[in-house]
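Novice: Got a structure for you, written out below as structure tokens; questions coming shortly.
The values are calculated or read from the model by the stated rules, or taken from the named source; none is laboratory data. None of these values were measured; they are calculated from a predicted model. Here Cβ is always computed from backbone atoms with ideal geometry, including for glycine, and neighbour counts include all displayed protein chains. Ligands, DNA and RNA are excluded from the accessible area calculation, which covers all protein heavy atoms including side chains. Shrake-Rupley method; radii C 1.70, N 1.55, O 1.52, S 1.80 Å.
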Amino acid sequence: MKKYVVLAAGGSGTRMQANENKIFLCVGNRPVLVRSILLFERLIDGMVIVCREEDQPRIRNLLPSLSVSFPIWITAGGSTRQMSVLNGLRALRAEDDDIVLVHDAARCAAPQAVIEEVLDSCIRFGSGVPGIPAVSTMKTSDDGRVVSGTVDRSHLYEIQTPQGFRFRMLLDAYCKAEAEEFIATDDASVVEYCNIPVRLTSGSRNNIKITEKEDLPIMEAILQAPSPAVRIGMGYDVHQLVENRKLILCGVDIPYSLGLLGHSDADVALHALMDAMLGAAALGDIGAHFPDSDKKYEGISSLVLLQESARCVRDAGYELVNADITIVAQRPKLAPYIPQMVQNISDAIQCDPLQISVKATTTERLGFEGRGEGISAQAVCLLQKKG
Ligand code: MG
């Protein structure tokens, strides 16, 4: 019996007044989505992320920096949460008795104990839905102005996610709801609609859902993970000098008898810079983001990859303060090209040229750089939390 998660990540962020999906907002230097994925580490056998089409490239960029124990698939959501979850269930290749947890990506602080109790309840009873007893007095109103009644709250529970069920039971219930146009706001309602009993498990007051911008500092407090104000990173790269290749450094095509060998344009300086930026944000390295086994990066301009890396850093909630790059090459002379290098980098990162420094040095003919066999580059950068 395997365990899977369908992660509903399709929100639009309209209630957040954010111009992006709230799953990309950062809590303690990590996007909400990443935190939600990591909640299930070592607990499940696979995950389907259901999201809007336009969010898929960004999500695919975030995944390589995670080393999770389970495979992750991405599938397109529908026009409602209910449709999205159904798409996610249909994308799963699960056995009837496998367990599926449906979780809202915006609940990125779900405690382990809550998740484990849901799993345990699924194994024993076929379902598990976390709830907390309602503590506030509940009133009804027909027009939003005058109270029409007070509800006995002793039987009321606020329901959270993850909600867990046997795969076949949940999929059949969702298909029935779709066929009969039954609209539900959570997964348990769909199962209840089929007259199947649903087990309550213990929720947690810390299992909040990010719906408003005000929720972000609360989430940070729950996770005790405030984002550091500044972060530092370093990068280092080497490429071999060979015949019949262009010499591209910081996006400048430099006339020389040799060029750097590599899968992309082998721009050693930009590779060092990208590693410094990704490293500062703890997002892995360029090998993970742009694998050289991937055909689409063959011969690609590293300026394009730099744009992508800068975007990943921004997604993680940071912006560049400054970067300093040293290119180590015995020949050719690089000084005349440095202003264009700085301009290329600041254009790609969308920052002021004054934030970028590029320097070149030789090694007094020592080592591989000194013998002209290759060129190396080092970079450091400082990031600050976005205001
Ligand atoms: Mg490289």
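Novice: Quick one: helix 302-315 against the long Cα principal axis of the chain, what's the angle to the nearest 10°, folded into 0 to 90?
Specialist: Value to nearest ten degrees: 40.
Novice: Next up: Out of Ala109, Ala269, Ala179, any idea which swings most in a Gaussian network model of the chain, alpha carbons joined below 10 Å?
Specialist: Fluctuation is largest for Ala179.
Novice: Starting from 0.36 nm per residue, how many nanometres of slack lie between Ser204 and Arg311 once their C-alpha separation is accounted for?
Specialist: Working: separation 107, 0.36 × 107 = 38.52 nm, distance 3.44 nm.
Stretched fully, the Ser204-Arg311 segment lengthens by 35.1 nm.
Novice: Rounded to the nearest Å, what's the spacing between the alpha carbon centres of the stretch 329-387 and the stretch 232-269? Just the number, please.
Specialist: 11
Novice: Follow-up. For Cα pairs less than 8 Å apart in space and 6+ apart in sequence, what is the mean separation divided by the residue count of the chain, i.e. the relative contact order in percent? Mind dumping the intermediate values first?
Specialist: On the way: 829 pairs, mean separation 62.8, N = 387.
Rounded, it is 16 percent for the chain.
Novice: Can you grab the distance from the C-alpha centre of the stretch 140-181 to the C-alpha centre of the stretch 30-100, Å, no decimals?
Specialist: Answer, in whole Å: 23.
Novice: Moving to a separate point now. Suppose the chain between Val135 and Glu298 were pulled fully straight at 0.36 nm per residue; how much longer would it get relative to their current alpha carbon spacing?
Specialist: Numbers: separation 163, 0.36 × 163 = 58.68 nm, distance 5.88 nm.
Net length gain for the segment: 52.8 nm.
Novice: Can you give me the % of accessible surface on the stretch 230-385 that is carbon or sulfur? Probe 1.4 Å, all protein chains present, nothing else counted. Mind dumping the intermediate values first?
Specialist: On the way: 3730 of 7190 Å².
The nonpolar share, carbon plus sulfur, comes to 52 percent.
Novice: Then there is this: Using amide H atoms built 1.01 Å from N in the peptide plane, name the residues 5+ places from Tyr318, or on other chains, whose amide H lies under 5 Å from its own.
Specialist: The answer is Lys386.
Novice: Working from Cα positions, state the angle (0 to 90°, nearest 10) between the long axis of helix 112-125 and the longest principal axis of the chain.
Specialist: So the inclination is approximately 50 degrees.
Novice: Counting DSSP beta bridges with both partners in the stretch 3-224, what percentage is antiparallel, nearest 5? Display every interim value, and only then the final one.
Specialist: Values: 15 of 34 bridges.
Just about 45 percent of them are antiparallel.
Novice: Another question, if that's okay. In whole Hz and in residue order, list the ³J(HN,Hα) couplings for the stretch 326-334 that follow from phi through the Karplus curve 6.51 cos²θ - 1.76 cosθ + 1.60, θ = phi - 60°; x for Gly and Pro.
Specialist: The phi angles translate into 10, 9, 10, 8, 6, 8, x, 6, 9 Hz.
Novice: Roughly how big is the stretch 3-224's charge dipole about its Cα centre, with Cβ charges of +1 (Lys, Arg) and -1 (Asp, Glu), in debye to the nearest 20?
Specialist: Working: 24 positive and 29 negative charges, 95 e Å.
Roughly 460 debye, rounded to the nearest 20.
Novice: Ok, one more. Please give the charge dipole size of the chain, origin at the Cα centre, charges +1 on K and R Cβ atoms and -1 on D and E Cβ atoms. Round to the nearest 20 debye.
Specialist: On the way: 39 positive and 48 negative charges, 96 e Å.
Around 460 debye, computed over the chain.
Novice: With springs only between Cα atoms under 10 Å apart, run a GNM on the chain and tell me which of Val118, Val313, Val146 wobbles the most.
Specialist: Val146
Novice: Using a 1.4 angstrom probe on the protein heavy atoms only, line up Thr185, Thr211, Thr161 by accessible area, largest first.
Specialist: Working: Thr185 125, Thr211 30, Thr161 5 Å².
Heavy-atom accessible area, descending, gives Thr185, Thr211, Thr161.
Novice: What's the FRET efficiency of Lys213 with Asp253 using the Cβ-Cβ distance as r and R₀ = 45 Å, to the nearest 0.05? Walk me through the numbers before you get to the answer.
Specialist: Working: r = 45 Å, r/R0 = 1.01.
For Lys213 and Asp253, the calculated efficiency is 0.50.
Novice: Oh, and also: What do you get for the angle between helix 81-91 and the principal long axis of the chain? Use alpha-carbon atoms, 0 to 90 degrees, nearest ten.
Specialist: For 81-91 against the chain, the angle is about 70 degrees.
Novice: Turning to a different aspect of this structure: Determine the relative contact order of the stretch 314-387: mean sequence separation of Cα pairs under 8 Å and six or more apart, normalised by residue count, in whole percent.
Specialist: 52
Novice: Given Lys359/Lys385; Lys296/Lys333; Lys296/Lys385; Lys22/Lys386, which pairs have Cα atoms separated by over 20 Å?
Specialist: Table pairs above 20 Å Cα-Cα are Lys359/Lys385; Lys296/Lys333; Lys296/Lys385.
Novice: If you average the sequence gap of Cα pairs under 8 Å that are 6 or more apart and divide by the length of the stretch 230-385, what percent do you get for the contact order?
Specialist: Numbers: 361 pairs, mean separation 53.1, N = 156.
Across the stretch 230-385, relative contact order equals 34 percent.
Novice: Can you compute 3J(HN,Hα) from phi for each residue in the stretch 170-181, using the Karplus curve 6.51 cos²θ - 1.76 cosθ + 1.60 with θ = phi - 60°, rounded to whole Hz and x for Gly and Pro?
Specialist: 5, 4, 4, 4, 5, 5, 4, 4, 5, 5, 9, 6
Novice: Output the antiparallel fraction of DSSP beta bridges having both residues in the chain, as a percent to the nearest 5.
Specialist: On the way: 41 of 66 bridges.
Here the antiparallel bridges make up roughly 60 percent for the chain.
Novice: Here's a follow-up. Kindly state, to the nearest 0.05, the FRET efficiency for Gln350 paired with Ala76, given R0 = 30 Å and r defined as their beta-carbon distance.
Specialist: Numbers: r = 29 Å, r/R0 = 0.98.
FRET efficiency, Gln350 to Ala76: 0.55.
Novice: To check you understand DSSP bridge types, tell me what percent of the beta bridges within the stretch 230-385 (both residues inside) are antiparallel, rounded to 5. Please list the in-between numbers first.
Specialist: Numbers: 26 of 32 bridges.
Within the stretch 230-385, antiparallel bridges account for around 80 percent of the total.
Novice: When the accessible area of the stretch 1-92 is computed with all protein chains present and a 1.4 Å probe, what percentage of it is carbon and sulfur? If you can, show how the numbers build up before the last one.
Specialist: On the way: 1680 of 3730 Å².
Solvent-exposed carbon and sulfur of the stretch 1-92 make up 45 percent of the total.
Novice: For Val5, enumerate residues with amide H under 5 Å from its amide H, sequence gap 5+ or separate chain, H modeled in the peptide plane.
Specialist: Counting only residues 5 or more places away or on other chains, the set is Gly46, Met47, Val48, Leu101.
Novice: Now a separate question. Leaving ligands and nucleic acids out of the surface, order Tyr236, Tyr256 by accessible area at 1.4 Å, largest first.
Specialist: Values: Tyr236 110, Tyr256 65 Å².
Accessible-area ranking of Tyr236, Tyr256, largest first: Tyr236, Tyr256.
Novice: For Glu116, Glu212, Glu54, Glu181, what's the largest-to-smallest order of accessible area, 1.4 Å probe?
Specialist: Working: Glu116 90, Glu212 70, Glu54 120, Glu181 150 Å².
From most accessible down to least: Glu181, Glu54, Glu116, Glu212.
Novice: Starting with the highest mean, order 287-294, 44-51 by the number of other Cβ atoms within 10 Å, averaged over the residues of each peptide.
Specialist: On the way: 287-294: 13.9, 44-51: 22.6.
My ranking of the peptides, most packed first, is 44-51, 287-294.
Novice: Sticking with this structure for a sec: In what sequence, highest mean first, do 347-353, 314-320 appear when ranked by Cβ atoms within 10 angstrom?
Specialist: Numbers: 347-353: 16.1, 314-320: 21.6.
Highest-to-lowest ranking by the protection proxy: 314-320, 347-353.
Novice: Heavy-atom accessible area of Thr137 with all protein chains present, probe 1.4 Å, nearest 10 Å²?
Specialist: Ignoring ligands and nucleic acids, Thr137 comes out at about 90 Å².
Novice: Search the structure for amide H atoms under 5 Å from the amide H of Gly28, placed 1.01 Å from N in the peptide plane, and list their residues when 5 or more places away or on another chain.
Specialist: Close amide H contacts, sequence-distant or interchain: Ser227.
Novice: State in Å² the accessible area per residue of the chain; use a 1.4 Å probe, count heavy atoms of protein chains only, and round to the nearest integer.
Specialist: Values: 18410 Å² over 387 residues.
For the chain, the per-residue accessible area is 48 Å².
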